[in-house]
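*Asks:* One structure is given below, represented as structure tokens, and several questions about it will come after.
The values are calculated or read from the model by the stated rules, or taken from the named source; none is laboratory data. Every value quoted in this text rests on a predicted model; they were computed, and no experiment measured them. Every residue, glycine as well, gets a Cβ built from its backbone with ideal geometry; the counts of neighbours run over all protein chains shown. Surface accessibility is based on the protein's heavy atoms, side chains included, excluding ligands, DNA and RNA. Shrake-Rupley method; radii C 1.70, N 1.55, O 1.52, S 1.80 Å.
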Amino acid sequence: MKRLISRILIMFSALILVAGCSLNDDGNNDFVIQFIPIEEVTTPQYVTPGQTYPITMYYRKPNDCYYVSEEPYYEIWGSTRTVAIQAILLERATCNTIDYTAPESKTINFVCPLTAERNILFKFFKGNDAQGNQQYIEVTVPVQQ
């Protein structure tokens, strides 16, 4: 619960910061929160309960109207962890494409739960298919006792 409140406060602060920097004077800027597709991930080969491990995600913002949140979306369901890069999208601004030579990266620290006894499944959001269904990069990381 504390982590959820922290995320909400971070996103709200970012929204206020972006809103304070109006790009045009008509006051009609709209903001939405979107997930940015993850292209590639680097995870540990295995995890040990109680230990902390870095997980790095690589992504490309569609244009410069996306402001990436400091904290990614992170959902826990049993031994499954769903992760996504969150961004605020300024909808009614003049946006420029970004010329990437390499994707951007974001690293999170994963603390393996002390109660973990089996594999941990990570699902990293990689976008929607043609029918609008969410697609994931799925990585199973074994728990080593």
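*Asks:* Quick one: what pairs do we get from region 117-145, first residue in contact (Cβ under 8 Å) with a residue 12 or more places away in the chain, second part of a loop (DSSP other than H, G, I, E, B) and of a type in the set (Lys, Arg), C-beta under 9 Å, 6+ apart or different chains?
*Replies:* Pro142/Arg118; Val143/Arg118
*Asks:* Those residues that are open to solvent by 80 Å² or more (accessible area, probe 1.4 Å) and within 16 Å of Tyr73 (Cα to Cα), I need them from region 112-127; list them, please.
*Replies:* Passing the criteria: only Lys126.
*Asks:* Which of the residues that make up region 128-145 are open to solvent by 50 Å² or more (accessible area, probe 1.4 Å) and assigned to a strand (DSSP E or B)?
*Replies:* Across region 128-145, the qualifying residues are Asn128, Gln134, Gln135, Tyr136, Glu138, Thr140.
*Asks:* If you check Tyr53 against the conditions, is it touching a helix residue (DSSP H, G or I) at 6+ places or on another chain (Cβ under 7 Å), modelled with pLDDT of 90 or more and of a type in the set (Phe, Trp, Tyr)?
*Replies:* For Tyr53, the condition - touching a helix residue (DSSP H, G or I) at 6+ places or on another chain (Cβ under 7 Å), modelled with pLDDT of 90 or more and of a type in the set (Phe, Trp, Tyr) - is not met.
*Asks:* Right, another one. Looking only at region 97-111, filter to residues that are of a type in the set (D, E, K, R) and closer than 17 Å to Phe124 by Cβ; which one of those is surrounded by the most Cβ atoms within 10 Å (Cβ to Cβ)?
*Replies:* Applying the filter and picking the extreme gives Lys106.
*Asks:* Something else: Which condition from (1) of a type in the set (S, T, N, Q); (2) in contact with a Leu (Cβ under 8 Å, 6 or more places away or on another chain); (3) open to solvent by less than 30 Å² (accessible area, probe 1.4 Å) is the one that Thr94 breaks?
*Replies:* In the conditions (1) of a type in the set (S, T, N, Q); (2) in contact with a Leu (Cβ under 8 Å, 6 or more places away or on another chain); (3) open to solvent by less than 30 Å² (accessible area, probe 1.4 Å), Thr94 misses (3) alone.
*Asks:* Answer yes or no: is there a residue in region 103-110 that is part of a loop (DSSP other than H, G, I, E, B) and touching an Asp or Glu at 6+ places or on another chain (Cβ under 6 Å).
*Replies:* yes
*Asks:* Looking at region 44-75, which of its residues are open to solvent by 60 Å² or more (accessible area, probe 1.4 Å) and in contact with a strand residue (DSSP E or B) (Cβ under 8 Å, 6 or more places away or on another chain)?
*Replies:* Gln45, Tyr46, Gln51, Thr52, Pro54, Tyr58, Arg60, Pro62, Tyr67, Glu71, Tyr73, Glu75, listed by residue number.
*Asks:* Now, a different point. Are any residues in region 41-86 within 14 Å of Pro103 (Cβ to Cβ) and under 12 Å from the mean Cα position of the chain (by Cα), and if so, which ones?
*Replies:* Those that are within 14 Å of Pro103 (Cβ to Cβ) and under 12 Å from the mean Cα position of the chain (by Cα): Val41, Thr56, Met57, Tyr58, Tyr59, Arg60, Lys61, Val68, Ile85.
*Asks:* Can you tell me which condition Ala93 does not meet? The list is (1) part of a strand (DSSP E or B); (2) within 25 Å of Phe31 (Cα to Cα); (3) hydrophobic (A, V, I, L, M, F, W, C), and all the others hold.
*Replies:* With respect to (1) part of a strand (DSSP E or B); (2) within 25 Å of Phe31 (Cα to Cα); (3) hydrophobic (A, V, I, L, M, F, W, C), Ala93 is out only on (1).
*Asks:* If the requirement is being within 21 Å of Lys123 (Cβ to Cβ) and in a loop (DSSP other than H, G, I, E, B), which of these qualifies: Glu71, Glu75?
*Replies:* Matching residue, one of Glu71, Glu75: Glu71.
*Asks:* Next question. Go through (1) farther than 22 Å from Gln134 by Cβ; (2) in a strand (DSSP E or B); (3) open to solvent by 60 Å² or more (accessible area, probe 1.4 Å) and name the single condition Phe35 misses.
*Replies:* (1)
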